[in-house]
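Report on the following structure.
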Number of protein chains: 2
Amino acid sequence: MPQPLRSNDPAPTLAEVARRAGVSTATASRVLNRSAPVSTDVAARVERAARELAYVRLRAASARETGVVAVVVFADPAQYHADAFPVRLLSGLRRSLPGAERELAVFTVPRRSRRPPLVRYLCGGHVDGVLLVGPWGDTALVRLLHAARVPVVSLGRPPEPGTVAFVDADNLAGATDAVRRLCASGRRSVATIAGPPDTAAGADRLAGYRQVMAAVAAVRPAVAYGDFSSASGEHAMQRLLDQRPEVNAVFAASDQMAAGALRTLRRRGLRVPEDVALIGFDDAPVAARCRPGLTTVRQPVEELGSRAMELLLGNPARGESVVLPTRLVVRASG
Amino acid sequence: MPQPLRSNDPAPTLAEVARRAGVSTATASRVLNRSAPVSTDVAARVERAARELAYVRLRAASARETGVVAVVVFADPAQYHADAFPVRLLSGLRRSLPGAERELAVFTVPRRSRRPPLVRYLCGGHVDGVLLVGPWGDTALVRLLHAARVPVVSLGRPPEPGTVAFVDADNLAGATDAVRRLCASGRRSVATIAGPPDTAAGADRLAGYRQVMAAVAAVRPAVAYGDFSSASGEHAMQRLLDQRPEVNAVFAASDQMAAGALRTLRRRGLRVPEDVALIGFDDAPVAARCRPGLTTVRQPVEELGSRAMELLLGNPARGESVVLPTRLVVRASG
């Protein structure tokens, strides 16, 4: 998939094919990657547009394809567990691969790390595309990949808009739904356990909380930060209760943090939801295992993975993005 | 690291360098990879031997090195959790990498699957070496890697001896220690929850159990099989109790299976170790979390990873192997 460099003749993007065919990028991708059924006349239009733009020719010409897509996960591997977002995402990605025709090479590196040998590898024709997962830091990496004509998609909104194609959940709307529900139940001291503010998910879920707080004057806000892990949620809940004993509702930016908060609440003899209502984010397996069951914001992790792969195989322009809706899943905790 | 093919002139192996220097393969590897301090005169001897055998020249000549080692994990990714062997092993492997000079590309594929595109990739100059983890099935894969001069090491004894260099724990001796301890405590109905018999770890731990059983005529044996997972241990324990209510000691071939067995025993109102003594295998984090604490056989997972990497970077001959000792860790369960 790394395209041969041809001066003054940039490779046509999936978006251009879609525009010419008069369909959405997602539809064009479905047709060209044969990843989902599409009505015959739409498929014909997309295929004609692709032919006219030499999109197919370029795809077919890539005899240099390796059959391997790199997934670079910027995370602490010690935090790997079945509920962890990267682990769930990888399982979605694996399921989205057509047959055994492509393999995923997973590189796990520290958050925001610069790894010159890895960058050389990714740009060196050894992989057909790169998916970035987690806080990948500055834009040097994506600029180098773009320069090497290696398709790249970020899982999660990039720090600077327009720098790279991305797929993300609508974190802002999801957080807004959760916090509105807590306020609507009549709670008057609604806190949040936020994720790291230097991650898109952390920042956007906090922004959603703040938006609702700004609109509901009668409710007192309070923020404690965690790192999305269960232990950090446990500690953040302790700090919140120490500083604001009147807190009676909490929006945690991950289910893991909510599960940790639940442990602290139980230890302090506080009942959920009677004394403190609690809503998490993710709808990870742990949410259903919690007692009481955790009300949470479902993000479609598997679909995030499959849409990212679809976008990647379509050789996306850096402005392209897919933002998937979230959904409030009401259980017993809030 | 994939060596250029040169007719009638096989690349010297680490074992040959070690033999010439009169030291062990492990010591030679430590010197040449600078992975651990070694006395000055030993280091000098190894370096001279390497020079004489042109071992250094070959290593230095590999301008084709990619900086990436592939780890192919044959496992169900749905079973990934912090206690899972591949996850613990990967964390050991990452820690063993010198600086950020090499990256790990992790491929997770179904047990025993044949993946022609992956094999082409691994043999195609895209990686400097391959570590095989889990039940990788037939020997076609290793034969192709050998033919392509791509160094390969198996984590776990290969099904057929001599087919590939490997690193493993001494599963037989570890199991023997555990079962002897159960018999020595005077228990007369000692069962085992065995792993899959088509894996080296499953087969060797079962063989250890059978060896002791054959030597202790007064003890009644019983075998139930699991797949190393917690749920499978829970079910195997149910079958054992249904068929042999008199069972009063169990050796489980993994801590996960022991943790599952513990749940069944508790549900049936049986006390551990008073009614049933229980010993696991691995010394995974779950062993210390169990109540009562789980007596287990410790295998040095991190060291398995680092020794495998060491062996791989030394371009091993297919007959080379490293077998690390296990150690009984006595807690409260047996």
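Within the range A:96-118, the residues that satisfy the criterion of being more than 10 Å from every other protein chain (Cβ to nearest Cβ) and either under 18 Å from the mean Cα position of the chain (by Cα) or surrounded by 16 or more Cβ atoms within 10 Å (Cβ to Cβ) (or both) are A:SER96, A:LEU97, A:ARG111, A:ARG112.
With respect to the stated conditions, B:GLY233 fails to be assigned to a strand (DSSP E or B) and either modelled with pLDDT of 95 or more or in contact with a Phe, Trp or Tyr (Cβ under 7 Å, 6 or more places away or on another chain) (or both). Residue count for the range B:76-95 under the criterion of being modelled with pLDDT under 75 and at the interface with chain A (Cβ under 7 Å from one of its Cβ atoms): the result is 5. Considering the range A:166-204 alone, what residues qualify as being aliphatic (A, V, I, L, M) and under 20 Å from A:VAL276 (Cα atoms)? A:ALA175, A:ALA178, A:VAL179, A:LEU182, A:ALA184, A:VAL190, A:ALA191, A:ILE193, A:ALA194 - these are the residues of the range A:166-204 that are aliphatic (A, V, I, L, M) and under 20 Å from A:VAL276 (Cα atoms).
For the range A:168-188, the criterion of being buried (at least 19 other Cβ atoms within 10 Å of the Cβ), within 27 Å of A:ASN248 (Cα to Cα) and β-branched (Val, Ile, Thr) is met by at least one residue. Selection over the range A:166-201 of residues that are under 26 Å from A:PRO316 (Cβ atoms), among the small types (Gly, Ala, Ser) and either assigned by TED's automatic domain parsing to the domain that holds A:TRP136 or at pLDDT 95 or above (or both) gives a count of 3.
Does A:ALA222 meet the test of being crowded, with 16+ Cβ neighbours inside 10 Å and either touching an Asp or Glu at 6+ places or on another chain (Cβ under 6 Å) or assigned to a helix (DSSP H, G or I) (or both)? Judged against the criteria, A:ALA222 is not a match. With respect to the conditions (1) outside any loop (DSSP other than H, G, I, E, B); (2) over 20 Å from B:ALA75 (Cβ atoms); (3) within 16 Å of the chain's Cα centre (by Cα), B:PRO86 lacks only one, and its number is (2). Quick check on the range B:125-134. Is at least one of its residues modelled with pLDDT of 90 or more, touching a strand residue (DSSP E or B) at 6+ places or on another chain (Cβ under 8 Å) and at the interface with chain A (Cβ under 10 Å from one of its Cβ atoms)? Yes, that holds for at least one residue. The residues of the range B:261-310 that are under 23 Å from B:LEU240 (Cβ atoms), part of a strand (DSSP E or B) and not polar (S, T, N, Q), listed by number, are B:ALA277, B:LEU278, B:ILE279, B:GLY280, B:PHE281, B:ASP282, B:VAL297. Using the structure shown, decide if A:GLY226 is at pLDDT 95 or above and more than 18 Å from A:LEU182 (Cα to Cα). Criteria met by A:GLY226.
Quick grid of which residues meet (1) assigned to a helix (DSSP H, G or I); (2) crowded, with 17+ Cβ neighbours inside 10 Å; (3) of a type outside the set (Val, Ile, Thr); (4) outside the structural domain of A:GLY208 (by TED's automatic domain parsing):
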{"residue": "A:ARG120", "(1), (2), (3), (4)": "yes, no, yes, yes"}
{"residue": "A:VAL127", "(1), (2), (3), (4)": "no, yes, no, yes"}
{"residue": "A:VAL130", "(1), (2), (3), (4)": "no, yes, no, yes"}
{"residue": "A:LEU141", "(1), (2), (3), (4)": "yes, yes, yes, yes"}
{"residue": "A:LEU144", "(1), (2), (3), (4)": "yes, no, yes, yes"}
{"residue": "A:SER154", "(1), (2), (3), (4)": "no, yes, yes, yes"}
{"residue": "A:PRO158", "(1), (2), (3), (4)": "no, yes, yes, yes"}
{"residue": "A:GLY162", "(1), (2), (3), (4)": "no, no, yes, yes"}
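Only a single item in (1) in contact (Cβ under 8 Å) with a residue 12 or more places away in the chain; (2) assigned to a loop (DSSP other than H, G, I, E, B) is not met by B:PHE166, and it is number (2). In the range A:208-217, the condition of being of a type in the set (Val, Ile, Thr) and either buried (at least 24 other Cβ atoms within 10 Å of the Cβ) or over 21 Å from A:VAL133 (Cβ atoms) (or both) is met by at least one residue.
The criterion of being within 10 Å of chain B (Cβ to nearest Cβ) and either surrounded by fewer than 22 Cβ atoms within 10 Å (Cβ to Cβ) or within 18 Å of the chain's Cα centre (by Cα) (or both) holds for A:VAL73.
The values are calculated or read from the model by the stated rules, or taken from the named source; none is laboratory data. Being a predicted model, the structure only gives us computed values, none of them experimental. So basically every Cβ, Gly included, is an ideal-geometry build from the backbone, and we count neighbours across all protein chains shown.
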